[in-house]
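Reading through the structure tokens given below for one structure.
The values are calculated or read from the model by the stated rules, or taken from the named source; none is laboratory data. The structure displayed is predicted, hence computed values, not measured ones. Here the Cβ is made from the backbone with ideal geometry for all residues, glycine too, and neighbour counts use every protein chain on show.
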């Protein structure tokens with residue numbers, strides 16, 4: 001997805017509307033099928049996802065494009 005976004009983000013684009021990534025991390029070795037429950041614990045190694053919004057933002061400055069970002073806060077505030 002990252003390479004497609006960068007490939008299509010050129011001077012013909014006037015605006016980009018982006019929503020936050022579903023996740024900031026992705027598995028190092030994705031499973032091809034459901035992981036069956038064998039043990040009581042499972043360790044999954046994660047790596048950071050590519051930040052598409054950051055990279056489009058760098059390019060946006062060069063082509064003079066409007067970029068609108070939306071993200072949901074990760075911290076939940078409790079009401080007392």
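Quick notes
- Of all residues in segment 15-35, those satisfying the criterion of being touching a strand residue (DSSP E or B) at 6+ places or on another chain (Cβ under 7 Å) and either surrounded by 10 or more Cβ atoms within 10 Å (Cβ to Cβ) or at pLDDT below 85 (or both) are 15, 16, 17, 18, 19, 20, 24, 25, 26, 27.
- Filtering segment 1-38 to residues that are in a loop (DSSP other than H, G, I, E, B) and under 10 Å from the mean Cα position of the chain (by Cα) leaves 1, 20, 21, 22, 23, 24.
- Segment 2-14, residues that are touching a helix residue (DSSP H, G or I) at 6+ places or on another chain (Cβ under 7 Å) and either over 23 Å from residue 67 (Cα atoms) or surrounded by fewer than 10 Cβ atoms within 10 Å (Cβ to Cβ) (or both): 11
- When the criteria are applied in full, residue 62 fails the requirement of being at pLDDT 75 or above and more than 12 Å from the chain's Cα centre (by Cα).
- Residue 77 assigned to a loop (DSSP other than H, G, I, E, B) and at pLDDT 80 or above: no
- Any hit, segment 36-43, residues being out of contact with any helix residue (DSSP H, G or I) (no Cβ under 7 Å at 6 or more places or on another chain) and at pLDDT below 80: yes
- Per-region count, segment 39-62, residues exposed (fewer than 10 other Cβ atoms within 10 Å of the Cβ) and part of a loop (DSSP other than H, G, I, E, B): 6
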